[in-house]
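Below: one structure, written as structure tokens.
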């Protein structure tokens, strides 16, 4: 079996194996809006999403879903009711279901999120920041 597969540069798809590679830099370049996650992959019953954050989000929790924040660029502060955690590029945290949190980005932050497909970005709070993510 040939080790190297022919890849389509435009689609980033392995023509022989049906796998898609994702270039995060290219995905982040496709959008500019903040707090509006975009779907870039499926992982079992979860989505892999990318998002840009800037400013303060809303206090919220996810009653049934854990949420992973993996920082690609920048610094993200996540306030909790009982403390806070600061994340830098290359670091991640998993916020367990039921834990109220408030993400804050003083400057633009690029984030990868991994969360169940049922997860609403604003959790138990519905408002102007609630979005239904599109796939890019």
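Assessment of the stretch 99-113 against the conditions (in contact with a helix residue (DSSP H, G or I) (Cβ under 6 Å, 6 or more places away or on another chain) and within 19 Å of residue 136 (Cβ to Cβ)) yields at least one matching residue.
Annotation: residue 31 fulfils all but one of (1) touching a residue at least 60 places away in the same chain (Cβ under 8 Å); (2) under 13 Å from the mean Cα position of the chain (by Cα); (3) surrounded by fewer than 18 Cβ atoms within 10 Å (Cβ to Cβ); the unmet one is (2). So, residue 21, is that one surrounded by fewer than 18 Cβ atoms within 10 Å (Cβ to Cβ) and in contact with a strand residue (DSSP E or B) (Cβ under 7 Å, 6 or more places away or on another chain) or not? No; evaluated as a whole, the condition is false for this residue. Selection within the stretch 109-135: residues that are closer than 17 Å to residue 29 by Cα and loosely packed, with under 14 Cβ neighbours inside 10 Å. The member of this set that is modelled with the lowest pLDDT is 134.
Kindly indicate the residue of the stretch 88-100 that is under 15 Å from residue 64 (Cβ atoms) and touching a strand residue (DSSP E or B) at 6+ places or on another chain (Cβ under 6 Å) and also surrounded by the most Cβ atoms within 10 Å (Cβ to Cβ) among those meeting that condition. Only one residue tops the list, namely 95.
Matching residues to (1) modelled with pLDDT under 95; (2) closer than 20 Å to residue 128 by Cα:
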site: 9; (1), (2): yes, no
site: 38; (1), (2): no, yes
site: 57; (1), (2): no, yes
site: 66; (1), (2): no, no
site: 85; (1), (2): no, no
site: 95; (1), (2): no, no
site: 100; (1), (2): no, yes
site: 104; (1), (2): no, yes
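The values are calculated or read from the model by the stated rules, or taken from the named source; none is laboratory data. From a predicted model like this one, the values you see are computed outputs, not experimental measurements. Because the Cβ atoms are built from the backbone with ideal geometry, glycine has one as well, and the counts that use them run over all protein chains shown.
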